[in-house]
Amino acid sequence: MKPKEVDLEVREKALVSFVEQGLHETRDKTGILILISLFEHRVQVLADSGINAKVPENTWDEIVTIIVNGLKAGDTCNAICQAVERCGELLEEHFPRKHDDTDELPNLVIEP
């Protein structure tokens with residue numbers, strides 16, 4: 001399979017997972033999916049329209065870079081934690097906690 005085809009397959013898997021996990025169903029449209037495809041050596045970050053409207057497009061490249069660098073350094077756990085923390089910082093900056101906020105999504109690592 002060509003690299004471009006691999007990229008498309010991983011993106012499709014990320015889109016399907018985004019919908020399957022209901023990440024598009026949050027009140028402010030702030031769901032973020034980080035897909036790490038070890039077999040294809042790809043990382044894909046998808047974010048819903050609410051957060052995408054607030055941050056520059058290349059923001060998600062920063063998250064990918066954090067994870068890729070961690071994978072290459074053999075520090076996967078720390079890299080994933082850093083990436084999730086960075087996503088949390090972005091959400092906190094652009095969507096401050098409201099008095100009636102609830103945790104709308106499960107905070108899970110899902111392995112297919």
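At-a-glance table
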read-out	value
Residue under evaluation Ser49, criteria (1) of a type outside the set (Asp, Glu); (2) over 23 Å from Gly70 (Cβ atoms); (3) open to solvent by 60 Å² or more (accessible area, probe 1.4 Å); (4) out of contact with any Lys or Arg (no Cβ under 9 Å at 6 or more places or on another chain), criterion not met	(4)
Residue match in the stretch 96-111 (condition: outside any loop (DSSP other than H, G, I, E, B), closer than 26 Å to Val19 by Cβ and over 14 Å from the mean Cα position of the chain (by Cα))	no
Lone qualifier among Asp103, Asp61 - being farther than 24 Å from Glu9 by Cβ, open to solvent by 60 Å² or more (accessible area, probe 1.4 Å) and of a type in the set (Asp, Glu)	Asp103
Some residue of the stretch 73-86 being surrounded by 18 or more Cβ atoms within 10 Å (Cβ to Cβ), modelled with pLDDT of 95 or more and not aliphatic (A, V, I, L, M)	no
Cross-chain or 6+ apart pairs with Cβ under 9 Å, the stretch 98-112 first and touching a residue at least 24 places away in the same chain (Cβ under 8 Å), then open to solvent by 100 Å² or more (accessible area, probe 1.4 Å) and outside any loop (DSSP other than H, G, I, E, B)	Glu104/Glu25; Leu105/Glu25
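Yes or no, residue by residue, for (1) without any contact (Cβ under 8 Å) to a residue 60 or more places away in the chain; (2) touching a Cys at 6+ places or on another chain (Cβ under 6 Å); (3) open to solvent by 60 Å² or more (accessible area, probe 1.4 Å); (4) outside any helix (DSSP H, G or I):
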position: Glu5; (1), (2), (3), (4): yes, no, yes, no
position: Ser17; (1), (2), (3), (4): no, no, no, no
position: Val55; (1), (2), (3), (4): yes, no, no, yes
position: Thr65; (1), (2), (3), (4): yes, no, yes, no
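The values are calculated or read from the model by the stated rules, or taken from the named source; none is laboratory data. The model shown is predicted, which means the values in this text are computed figures rather than measured ones. As a convention, Cβ positions derive from the backbone with ideal geometry for all residues, glycine included, and neighbour counts pool all protein chains shown. Side chains are part of the model used for accessible areas, which takes the heavy atoms of the whole protein and leaves out ligands, DNA and RNA. Shrake-Rupley method; radii C 1.70, N 1.55, O 1.52, S 1.80 Å.
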